[in-house]
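The values are calculated or read from the model by the stated rules, or taken from the named source; none is laboratory data. If you're wondering where the values come from, they're calculated on a predicted model, not measured in any experiment. With ideal geometry, Cβ positions are generated from the backbone for all residues, glycine too; neighbour counts draw on all protein chains shown. In case anyone asks, the SASA skips ligands and DNA or RNA and just uses the protein heavy atoms, side chains included. Shrake-Rupley method; radii C 1.70, N 1.55, O 1.52, S 1.80 Å.
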Amino acid sequence: MSREIYLDHGATTPILKEAKDAMEPYLTKEYGNASTSYELGERAKAAIESSRRVIASCMGASPEEIFFTSGGSESDNWVIKGIAGMKKQQGNHIITTKIEHHAILHSCKYLEGLGYRVTYLPVNEEGIVSLKQLEKEIGKGTTLISVMFGNNEIGTIEPIVSIGRLAREHGVLFHTDAVQAVGHFPIRLSEMPIDLLSASAHKFGGPKGIGFLYVAKGVPIPSYIHGGTQEKGKRAGTENVAGIVGMGKALEIMTSNMRKNMMHEKALRNYLIERVLHEVPGAKLNGSRYQRLPGNVNFSFKGVEGTALKVLLEEDGICASVGSACNTGQSRVSHVIEAIGVEEDYAPGTMRFSLGYENTREEIDFLVECLKQYVPILAGD
Ligand SMILES: *Cc1c(COP(=O)(O)O)cnc(C)c1O
């Protein structure tokens, strides 16, 4: 392949060079176990705690509120299963939405199998949950509300502050899966009514297999992995020191470049949306026009099979997703596209282009030319 145009940052992001360089010593000469008490181990411990402070500061949180996990899926599983189990004397009802990531949805399905009750809130055609409907569903037995910050497929940003306020008024814990937002969108946890938040390093320029869970001071959470005393005994296991260091460095850089990156991505995003809606026949934008993640674009093309379009784009070196990466291999329309009610003749032709700070206008121009050429052929006009 002569060139690669990476437009799938919602699936994962390229690792930042600074993050990779920061990790390198902890993969080689600094191999200490942070639980040991000679200098080699203490240096590993110091590196972990320094990353915890950096991450806390980037998020407007305190270091004691940051727990390291293996990524977004683990953080989500921990919250859903942990809170449900801990609160089962108080109630067995959880509220979430129809458009969550499968790490949330499948954890909830698992709980339903154990006898818990789960409400999956619908969303409007832009993918936004209704506060009125949410309030109606909160009952005496509700112990947790989990609503994602920004949707991974259609990019919609949910009214997180209003949802959090509503949860507090009713004395219900509020969790948000912010995996797509952290490092890309400003979040100051000390100023937001959020009790728990999930994040994953590989979605913001860090390495794969590492993430964190924010647990606000005073919010109880049970141990998830039982064993040693790491992470205050709540998440046992020898720490992924290199991963933690890489994640801290990545978030530090993404946070200091955030304004610049957001402006760049939004400009490219809006340019791509305008051009495609004007120049590609039968194209429709999914999600909200403006209340969306800076780098997210999601189109449905009428009468087109998304998988066929993806193959053609791939031959030109363009990496993008049909529906959601998690659904690869399944021809079923994604649960998010179903939830926003995309029409039957559009739904199978859904593709996500998720942009990053390193994408250029030339790359977007090339994508548009490809779409102008392929979409009419595949639609058979
Ligand atoms: C990628 C993603 C996850 C899963 O994170 P991993 O670190 O890959 O396990 C969870 N939620 C959302 C919204 C995501 O985009």
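Annotations for the structure displayed:
- Rounded to 10°, Cα long-axis angle of helix 72-86 versus longest principal axis of the chain: 60
- Modelled spin-label separation between PHE185 and THR28, with each label point placed 7 Å from Cα along the Cα-to-Cβ direction: 3.9 nm.
- If only the Cβ of Lys and Arg carry +1 and only the Cβ of Asp and Glu carry -1, the dipole of the chain around its Cα centre is close to 1200 debye.
- The relative contact order of the range 1-143, computed from alpha carbon pairs under 8 Å that lie at least 6 residues apart in sequence, is 16 percent.
- Alpha-carbon centroid distance for the pair the range 9-50 / the range 181-198, whole angstrom: 24
- Choice from LEU114, LEU367, LEU355 with maximal GNM fluctuation in the chain (Cα, 10 Å cutoff): LEU114
- Accessible carbon and sulfur surface of the range 261-361 relative to its total accessible area, %, 1.4 Å: 53
- Average silhouette area of the range 192-314, convex hull of alpha-carbon atoms, in square nanometres: 11.4
- Rounded to the nearest 0.05, the FRET efficiency derived from the C-beta distance between TYR110 and ALA308 at R0 = 45 Å is 0.80.
- The range 239-381, accessible area per residue, ligands and nucleic acids excluded (1.4 Å, Å²): 42
- The DSSP beta bridges internal to the chain are antiparallel in roughly 55% of cases.
- Most mobile of GLY306, GLY71, GLY60 in a GNM of the chain (Cα contacts under 10 Å): GLY60
- Qualifying GluC sites (Glu not before Pro) in the range 132-211, DSSP loop, other Cβ atoms within 10 Å at most 12: none
- For the chain, the convex hull drawn through the C-alpha positions has a volume of 137 cubic angstrom per residue.
- Antiparallel content of DSSP bridges confined to the range 126-270, in %, to 5: 45
- Normalised contact order of the range 188-315, rounded percent, pairs of Cα under 8 Å and 6 or more residues apart: 16
- Helix 306-315 and the long axis of the chain differ in direction by around 90°, with both axes built from C-alpha atoms.
- FRET E, pair ARG259, ARG3, Förster distance 41 Å, beta-carbon r, rounded to 0.05: 0.90
- Take the Cα of LEU40, step 7 Å toward its Cβ, do the same at LYS140, and the gap between the two points is 6.0 nm.
- Computed on the Cα atoms alone, the convex hull of the range 269-381 gives a volume of 101 cubic angstrom per residue.
- When the Gaussian network model of the chain links Cα atoms closer than 10 Å, the mean-square fluctuations of ALA320, ALA22, ALA199 top out at ALA22.
- Global geometry of the range 42-191, whether rounded, prolate or oblate, following the gyration tensor of its Cα atoms and the 1.5 cut on a/c: prolate
- Loop-resident chymotrypsin sites (Phe, Trp or Tyr not before Pro) (DSSP state other than H, G, I, E or B) in the range 20-59 with no more than 16 further Cβ atoms inside 10 Å of their Cβ: TYR31, TYR38.
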